[in-house]
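Just below is one structure, and these are the notes that go with it.
The values are calculated or read from the model by the stated rules, or taken from the named source; none is laboratory data. Model, not experiment: these values are computed from the prediction. Please note: Cβ atoms are built from the backbone with ideal geometry, for glycine as well, and neighbour counts cover all protein chains shown. These accessible areas exclude ligands, DNA and RNA; they are computed on the full protein's heavy atoms, side chains included. Shrake-Rupley method; radii C 1.70, N 1.55, O 1.52, S 1.80 Å.
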Amino acid sequence: MRDLIIAGNWKMNKTFSETEEFLLELTKRTDDKQLNDVKIIICPPSLYFEICSDFTQDREISIGAQNVSEHEFGAYTGEISAPMLSSMDLDNCIVGHSERRKYFAESDKIVNSKIKSLLEYDIDPIVCIGESLSQREKGITKDVIQQQLSGAFKDIDLNSNIIIAYEPIWAIGTGKTASSKQAQEIHKFIRNWIKKEYSNKIAEKVHILYGGSMKPHNIEELIKQPDIDGGLIGGASLVTEKFNKMIDVAISMRK
Ligand code: PGA
């Protein structure tokens, strides 16, 4: 059985002192928990990697970046590269988030280069894919997903450490969650694509997370689905009580 992953994507939120306060609260709450195969990942703004690592180094909490450059070093003002993330001992990095695709023109080709760069430095990518509302209404959700998968993983030897996050764009930050049935249908489609393109064995190992208004009240129904292996959580991951509650739900389902 795959373990469950509860990942928080903070996006561009929290000051330094708010970060410190959050970490203090969260670790106080998680320190005496038996995580039972539940993996926690926090993806803060890159300025806070060091303080996050200080808090999490002897704990079972991983730190991830929200973005990485496709280049290794050089004159790319403002960018951070995979060797830099690796030198900070980061475990994961989000790529292809719909906000980056929309506001920073991150194409499938760029996503593909970023994944390759991360894998070279042993950082596990969290690859986001998902359709817009108009694509869903046109009935082309699966075509869009298939195209994103083929583009993102072109010439990549998909291994079990890659995490895929299905995030329907219409559900991100809107309070409109995909129903568990809608989400499961796409998660199963993604797993079948991996089976077809790679192997059954890899497909059974890859984690496919759901993202898009996942909250304490709907997480159970979603992660109960056979192909949903946890969540990539935005808004609700910023509030300790909510994030902690979601971790508790995941633990209770793994007991
Ligand atoms: P949300 O964001 O939980 O606030 O909808 C999810 C995400 O964008 O990763």
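Numbers below:
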| item | result |
| --- | --- |
| Hits in the range 76-117 (condition: of a type in the set (Lys, Arg) and within 16 Å of the ligand (Cβ to nearest atom)) | Arg100, Arg101, Lys102 |
| Single match in Ala250, Ala183, Ala236 (criterion: within 19 Å of Ile140 (Cα to Cα), open to solvent by less than 20 Å² (accessible area, probe 1.4 Å) and either in contact (Cβ under 8 Å) with a residue 24 or more places away in the chain or within 13 Å of the ligand (Cβ to nearest atom) (or both)) | Ala183 |
| Filter result (hydrophobic (A, V, I, L, M, F, W, C), open to solvent by 10 Å² or more (accessible area, probe 1.4 Å) and under 15 Å from Ile162 (Cα atoms)) within the range 91-119 | Leu119 |
| Selection status of Tyr166, within 13 Å of the ligand (Cβ to nearest atom) and of a type in the set (Ser, Thr, Tyr) | yes |
| Residue selected from the range 28-40 under the condition among the polar types (S, T, N, Q) and either at pLDDT 95 or above or outside any helix (DSSP H, G or I) (or both), by the criterion surrounded by the fewest Cβ atoms within 10 Å (Cβ to Cβ) | Gln34 |
| Residue satisfying condition, being free of Cβ contacts under 8 Å to residues at least 24 places away in the same chain, farther than 14 Å from Trp10 by Cα and in contact with a Lys or Arg (Cβ under 9 Å, 6 or more places away or on another chain), within set Glu70, Glu79, Glu106 | Glu106 |
| Residue match in the range 56-76 (condition: open to solvent by 80 Å² or more (accessible area, probe 1.4 Å), under 26 Å from Ile169 (Cβ atoms) and among the basic types (Lys, Arg)) | no |
| Count - residues of the range 152-172 that are within 16 Å of Lys196 (Cβ to Cβ) and either open to solvent by 60 Å² or more (accessible area, probe 1.4 Å) or more than 13 Å from the chain's Cα centre (by Cα) (or both) | 6 |
| Any hit, the range 189-196, residues being surrounded by fewer than 18 Cβ atoms within 10 Å (Cβ to Cβ), over 18 Å from the mean Cα position of the chain (by Cα), within 25 Å of Asn36 (Cβ to Cβ) and without any contact (Cβ under 8 Å) to a residue 40 or more places away in the chain | no |
| Checklist (1) open to solvent by 60 Å² or more (accessible area, probe 1.4 Å); (2) assigned to a loop (DSSP other than H, G, I, E, B) applied to Gln147, failing item | (2) |
